[in-house]
Amino acid sequence: MPRAVAVVIFPGFQLLDAAGPVSAFEIAERFRPGSYDLALVAPDGGAVESSSGLTLAARPLDAAPIDTVVVSGGDIGGALPEAHRIVDWLRAVPARRVASVCSGAFLLAEAGLLDGCRATTHWDSSDHFARRYPKVTLDAERIFIRDGDVWTSAGITAGIDLALAMIEDDHGPALARRVAQQLVVHQRRPGGQSQFSALVDLGGRTGRFTDLIDWMRDHLAEPLTVERLADHAAMSPRNFARAFTAETGTTPARAVERLRLEMARTAVETTPAPLERIAESTGFGDPGRMRRAFLRAFGQPPGSLRRAARR
């Protein structure tokens, strides 16, 4: 039997929050007919306007059993009446698993479905979420998190990663890989990957550390202590660490490791260089340390990623 997937939208929803997962499930159904039965649902059904002004047609919420509920994010504050109805529906609907994309986590949390669970949401909403829902163990660094049958994902495009992970859980890695290829997704990101990558690349929310990030990339093979980074930024170590974390959402040490991982993975997948040389040139020092970092970030060792890239 096809798995019924209901993607919940509301006035002011973020279009890609819904379209990303829908596209992934739709392509999985194309490759393996009978896998999924998709529906967009909303409190009143009909045409629902997104934050971009474009509209999607939805069915009304109902009490029919559903395999998977995916709640999109968006401007929840501008759709409070609809949001309250969605919360009431989430508390009652019989579903095997529930999921959210971006700020959709607020609706799951309001319904009590995240109490006692690990969860994530968009980095820009994480502080407000943590204050409002203290019963939820928020990990704002993650692309997506699965806690039993409750799934949450970070901002916008992370909904595609979440949907691919669900497809893999339902039908195995081969189908998920085919869907990712069809979506022209370079490689499905594991849930443990940090969602702060973009912020680090941009030098922070305001771009304050752009020059520093560029300098770090050019000196990855060297020791990059907080003291050295602070000196390059002309700040005291304590002020630098605090300001950098506030700007990028991650600590200087984690940013250094992420930049090293980014460069090392590119070298692993696109060059024949020995892993020992890659580890040395990117600052890991030895292959064992690089391997442990790869397992934490990507869920796979360098050798596996190299073989997958060659295939």
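Overview of results
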{"quantity": "Using a Förster distance of 41 Å, the FRET efficiency for R30-S51 (Cβ separation, nearest 0.05)", "calculated": "0.90"}
{"quantity": "Accessible carbon and sulfur surface of the stretch 220-291 relative to its total accessible area, %, 1.4 Å", "calculated": "54"}
{"quantity": "Computed [θ] at 222 nm, deg cm²/dmol, the chain (DSSP H ≥ 4; -39,500 (n - 2.57); rounded to nearest 500)", "calculated": "-14000 deg cm²/dmol"}
{"quantity": "More than 13 Å apart - percent of Cα-Cα pairs taken over the stretch 248-287", "calculated": "50"}
{"quantity": "Ratio Rg/Rh, restricted to the stretch 101-158 and using Cα atoms, in which Rh is the Kirkwood radius", "calculated": "0.90"}
{"quantity": "Phi-based couplings in Hz for the stretch 214-223 (Karplus 6.51, -1.76, 1.60; Gly and Pro marked x)", "calculated": "4, 5, 4, 4, 7, 10, 5, 6, 9, x"}
{"quantity": "Gain upon complete extension [R59, A39; 0.36 nm per residue less C-alpha separation]", "calculated": "6.5 nm"}
{"quantity": "Cα shape, the stretch 37-180, gyration tensor, a/c 1.5 rule", "calculated": "rounded"}
{"quantity": "A243/Q300 FRET efficiency (R0 45 Å; Cβ-Cβ; nearest 0.05)", "calculated": "0.85"}
{"quantity": "Label-zone membership for the stretch 250-276, site W215, 7 angstrom Cα→C-beta point, backbone N under 16 Å", "calculated": "252-253, 256"}
{"quantity": "Antiparallel bridges, percent of DSSP beta bridges restricted to the chain (to nearest 5)", "calculated": "30"}
{"quantity": "Bridge type composition, the stretch 1-142 - antiparallel percent by DSSP, nearest 5", "calculated": "20"}
{"quantity": "Measure of compaction for the chain (Cα Rg per 2.2 N^0.38 Å)", "calculated": "1.07"}
{"quantity": "Inter-label distance for D115 and R277, nm, one decimal - labels placed 7 Å from Cα along Cα-to-Cβ", "calculated": "5.9"}
{"quantity": "Amide H within-cut-off set for V7, under 5 Å, with H built and near neighbours excluded", "calculated": "A39, L40, V41, V70"}
{"quantity": "Where labels lie 7 Å past Cα in the beta-carbon direction, separation of V184 and R208 in nm", "calculated": "3.7"}
{"quantity": "The chain, relative contact order [Cα under 8 Å, separation at least 6], %", "calculated": "12"}
{"quantity": "Solvent-accessible area per residue for the chain (1.4 angstrom probe, square angstrom)", "calculated": "46"}
{"quantity": "Helix 237-248 axis, angle to the chain major axis (alpha carbon atoms, nearest 10°)", "calculated": "30"}
{"quantity": "Efficiency of FRET from Cβ geometry, E222 and R91, R₀ 51 Å, rounded to 0.05", "calculated": "0.40"}
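The values are calculated or read from the model by the stated rules, or taken from the named source; none is laboratory data. Since this is a predicted model, take the numbers as computed values, not measurements. When we count neighbours, we look across all protein chains shown, and the Cβ atoms used for this are built from the backbone with ideal geometry, even at glycine. Quick note on the areas: whole protein, heavy atoms, side chains included, nothing else; ligands and nucleic acids left out. Shrake-Rupley method; radii C 1.70, N 1.55, O 1.52, S 1.80 Å.
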